Amino acid sequence: MEATRLRLFRGGEGETSGNSPVPSQVIRLGDLFPLLARSAEGDATWLRGLEAAELRVSRDLLEVAKAFSRCRPPETRRPG
């Protein structure tokens, strides 16, 4: 089975630099959430490697995320 390779996109809208691919894949957030939650819970290396990555979202989703972050205190990790 061929391994899937993740690519990190860094650039502005419609911006391409040389041979850098423009992200064109679509994934439902409902499919992505469980993967992110499980990876965060397990402290997955690949997820930590993407912490500085940017994700383009709609203005509505950004407003909801900001409002939610102000209403709920951030979770703190317990010492392991």
**Request:** First obtain the Kirkwood hydrodynamic radius of region 29-71 from its Cα pairs, then insert it into the Stokes-Einstein equation at 10 °C and 1.306 mPa s, and state the resulting D in µm² per second as a whole number.
**Result:** 133
**Fill in**
Once Lys and Arg are counted +1 and Asp and Glu -1 for all other residues with Cβ under 14 Å from that of S39, the total becomes -2
**Request:** Please work out the FRET efficiency for the pair I27 and L50, using the Cβ-Cβ distance as r and a Förster radius of 22 Å; give the result to the nearest 0.05.
**Result:** 0.95
**Message:** Under a crude label model (7 Å from the Cα following the beta-carbon direction), how far is L62 from A37 in nanometres?
**Reply:** 2.6
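Rule-based calculations on the coordinates, nothing more; no lab input. If you're wondering where the values come from, they're calculated on a predicted model, not measured in any experiment. Quick reminder, even Gly has a Cβ in these numbers, built from the backbone with ideal geometry, and neighbours come from all protein chains shown.
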